[in-house]
Amino acid sequence: MYYEYTKTNSIFDLPSRKFYSPTAENNLTVISCGNPAANPVGPAAGPHTQLAQNIALSWLAGSRIIELKTVQINDRLEIARPCIDMATVGYNTEWSQELHLEESAKEYVKARMMVEILKHWLFLDLPNSNFRPSQFDTIFDVSVGYDLAGLRSSQMRLWLQTMKDASALIDELRAEIPDEFKQYRDLPFGKKISDSITLSTFHGTPADEIERICEYLLSEMGFHVVVKMNPPMLGKARLEELLHKTLGYSDIVVNPKAYDVNIPFDNAVAMVKRLQNIASQNGRTVGVKFGNTLEVVNNGKYLKDKVQYLSGQPLHLLHLSLVDEWRKIFGGGFPVSFSAGVDANNFADCVSIGLVPVTTCTDLLRPGGYGRLPKYLTNLEEAMRTMGAKTIDEFIVRTANSSGCESENVQTAIIHNTTVLVGKSIVNPRYHFSSNKIAPRKIGSTLQLFDCINCDKCIPVCPNDANFYFETEPVEIDYNNVEISAHGWKEIIGGHLSIKERHQIGNYADACNECGNCDVFCPEDGGPYIEKPRFFGSLDSYKKWNLLNGFVLQSNGNNVILYGRFNGIEYELHIDKQAGRTEFRNNFAQVTIHSETNKILDAASTVHSIIDMRYYYVMNSLLHGIMKTDRVHFVNVLEKH
């Protein structure tokens, strides 16, 4: 983070102009599960909360309630790739964490520590800083699923206990902070990562088991609990009337099984009323979230599973309708969390109806990525100024007053605003099929290893920051191949290599889960995560994924090695900086080359062979590009900056 910021004024490719900086004018503080947060926005459990850099990015962009990606006992998932399709509305086929439990715990603890460092480095410890610590109050909310047996297992119990007291992991990671930044080792990293849980009641969670899971989490484990509800609670008739007739998404077919396995609305109401008593007895709180994605039949070609999960604009009205129905029973004071088609245009509206937190996912997967988040908060601040409100409660009441509600009571205002917003959203064309049917434009060309139109859309749409750009020198060269026989070696006619652009795209394989989102928004065909140079973070991961083309850099002072794999054939590029010589190797041959002139000095092989030197020039260009330190990325971060 430090090296990149000092070189390019960005962190994980998010430019500093997209960092959210709180103002003294408005107080956006909210309470969630008994804990204060500096504002109500954050990423929903999903692709933006899986890795430490994702969480740091969402925090830099303004998130203060971060719903960590769902974990479960089954941490060996096999998920079809690609798994995200945001071409029109939003579809995905991913669900819980793709890391092992211990890896997830480490990522979340690491992220919590990174947030603490960022808070001090970029804000509180600045000379003459006027920021207050409360402006950065941040909640991490754990998300778990999907059955009681799994959550009661020793592995999950230990994992949950670690979220409540991560002292051992913190001490382990504290020691890994380099001496260069030793001043951050003594920051007051809180041992509590989270004391609240959003329970995902998805993927076959038995309806009659949800209550027992909540009782266990509230009483035995001592967590605040938010129960995530599913759209089918509206009932088949109401849901499909809204989806097909009102919004016009007649092409979306709800998975019939979704209506059979989800808890009915009335049952959910009765269950939560019982859980309120248990929560109170244990000094905890219980709330609900609207909610999960909607299971629909996959009629497309991009994703491979038969069932996919709908998100985005059509889900917004479905979930708002559920919030409205829920509020009629539980009133405006009951804790309700929200996620469905949230963006900068409707975030303030969601805040006006008392939703905490208001989480987002689909919008952050669109061009601009995390950089879209600050506008959520600046739009809210502007709406508050317009209403003459200094706090969220004042904003809620004055919003209600502006539409005919005379009450100054916050809970009354919440109920009023909710009903008004549902009515407005039903007729708002932003949520209708007619406004969401056009996919991103493709221009008909196909990606190659080098060169593209350089729109760079693939970089911010990657939630993991796996795609990056680097610069290399353009190349136009007619090269010779090398023929090696028992009589020696000779140069023979080879081919032509052309690299036209300095600006090139790379992919860091260790951060890429092949979700495919970059392919959706790339104007060219092929997918950046497939066609662009794929760099592994270690020789072990390079060898593990031995069916994939890719590269791995090993650097040790004057000796640099780049390993490369092309269609199953492996090569090595060894550079001796002191000797000024480069050795290009495959499994049976070696060619020695002058590093500056590219003149072939010698060649040897165990068998008669012809060495295709195109791969030498490709790897040499890549190596010199990624070793440049004017830009910092995952591949070259260990080089001297």
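The values are calculated or read from the model by the stated rules, or taken from the named source; none is laboratory data. Please read these numbers as outputs of a predicted model, since none were measured by experiment. Virtual Cβ from ideal backbone geometry, glycine too; neighbours counted across all protein chains shown. Remember, those area values only see protein heavy atoms, side chains included, never the ligands or the DNA or RNA. Shrake-Rupley method; radii C 1.70, N 1.55, O 1.52, S 1.80 Å.
Quick one: residue 47 ticks every box in (1) farther than 17 Å from residue 103 by Cα; (2) out of contact with any Phe, Trp or Tyr (no Cβ under 6 Å at 6 or more places or on another chain); (3) not small (Gly, Ala, Ser) except a single one, so which number is it? Only one criterion is unmet by residue 47, namely (1).
Scanning region 552-586 for residues that are among the β-branched types (Val, Ile, Thr) and open to solvent by 30 Å² or more (accessible area, probe 1.4 Å) turns up 561, 569.
Okay, residues lined up against (1) open to solvent by 30 Å² or more (accessible area, probe 1.4 Å); (2) farther than 22 Å from residue 461 by Cα; (3) touching a residue at least 24 places away in the same chain (Cβ under 8 Å); (4) in contact with a strand residue (DSSP E or B) (Cβ under 7 Å, 6 or more places away or on another chain):
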| position | (1), (2), (3), (4) |
| --- | --- |
| 296 | no, yes, yes, yes |
| 302 | yes, no, yes, yes |
| 307 | yes, yes, yes, yes |
| 325 | yes, yes, yes, no |
| 328 | yes, yes, yes, no |
| 358 | no, no, yes, yes |
| 377 | no, no, yes, yes |
| 388 | yes, yes, no, no |
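The single condition among (1) among the small types (Gly, Ala, Ser); (2) surrounded by fewer than 21 Cβ atoms within 10 Å (Cβ to Cβ); (3) over 23 Å from residue 304 (Cβ atoms) that residue 87 does not meet is (3). For first residues located in region 274-288 and farther than 13 Å from residue 198 by Cα and open to solvent by 10 Å² or more (accessible area, probe 1.4 Å), partners that are hydrophobic (A, V, I, L, M, F, W, C) and not in a helix (DSSP H, G or I) and lie 6+ apart or on another chain with Cβ distances below 8 Å form the pairs 276/286; 278/286; 284/223; 284/225. Of the residues contained in region 608-618, one or more are found to be out of contact with any Gly (no Cβ under 8 Å at 6 or more places or on another chain), open to solvent by less than 50 Å² (accessible area, probe 1.4 Å) and farther than 18 Å from residue 565 by Cα. Highlighted here are the strands (runs of 3 or more DSSP E) found entirely within region 536-641 that include at least 2 residues which are closer than 26 Å to residue 3 by Cβ: 550-556, 559-566, 569-576. Restricting attention to region 495-533, the residues that are over 18 Å from the mean Cα position of the chain (by Cα), crowded, with 19+ Cβ neighbours inside 10 Å and not in a loop (DSSP other than H, G, I, E, B) add up to 5. Are any of the residues in region 471-488 in contact (Cβ under 8 Å) with a residue 24 or more places away in the chain, buried (at least 19 other Cβ atoms within 10 Å of the Cβ) and under 30 Å from residue 252 (Cβ atoms)? Looking for residues that are in contact (Cβ under 8 Å) with a residue 24 or more places away in the chain, buried (at least 19 other Cβ atoms within 10 Å of the Cβ) and under 30 Å from residue 252 (Cβ atoms), one finds none in region 471-488, hence no.
Restricting attention to region 534-551, the residues being surrounded by fewer than 22 Cβ atoms within 10 Å (Cβ to Cβ) and either under 18 Å from residue 625 (Cα atoms) or out of contact with any helix residue (DSSP H, G or I) (no Cβ under 8 Å at 6 or more places or on another chain) (or both) number 9.
Inside region 403-455, residues that are over 26 Å from the mean Cα position of the chain (by Cα), closer than 26 Å to residue 354 by Cβ and not in a loop (DSSP other than H, G, I, E, B) make up a count of 19. Check whether at least one residue in region 539-557 is closer than 27 Å to residue 11 by Cα, touching a residue at least 40 places away in the same chain (Cβ under 8 Å) and in contact with an Asp or Glu (Cβ under 7 Å, 6 or more places away or on another chain), and report yes or no. Yes, some residue in region 539-557 is closer than 27 Å to residue 11 by Cα, touching a residue at least 40 places away in the same chain (Cβ under 8 Å) and in contact with an Asp or Glu (Cβ under 7 Å, 6 or more places away or on another chain). Reported count of residues in region 62-84, each being among the basic types (Lys, Arg) and open to solvent by less than 20 Å² (accessible area, probe 1.4 Å), is 2. Taken as a whole, the structure places residue 462 among residues that are at pLDDT 95 or above and closer than 21 Å to residue 510 by Cα. Which condition does residue 25 not pass, out of (1) acidic (Asp, Glu); (2) at pLDDT 95 or above; (3) in contact with an Asp or Glu (Cβ under 8 Å, 6 or more places away or on another chain), if it passes all the others? Exception for residue 25: condition (2).
When each of 266, 251, 260 is tested for being in a helix (DSSP H, G or I), within 32 Å of the chain's Cα centre (by Cα) and of a type in the set (D, E, K, R), the lone residue that passes is 260. For region 134-170, the candidate set comprises residues that are assigned to a loop (DSSP other than H, G, I, E, B), at pLDDT 95 or above and of a type outside the set (D, E, K, R); within that set, the residue that is nearest to the chain's Cα centre (by Cα) is 138.
When the test is whether a residue is modelled with pLDDT of 95 or more and open to solvent by less than 30 Å² (accessible area, probe 1.4 Å), residue 131 does not pass it.
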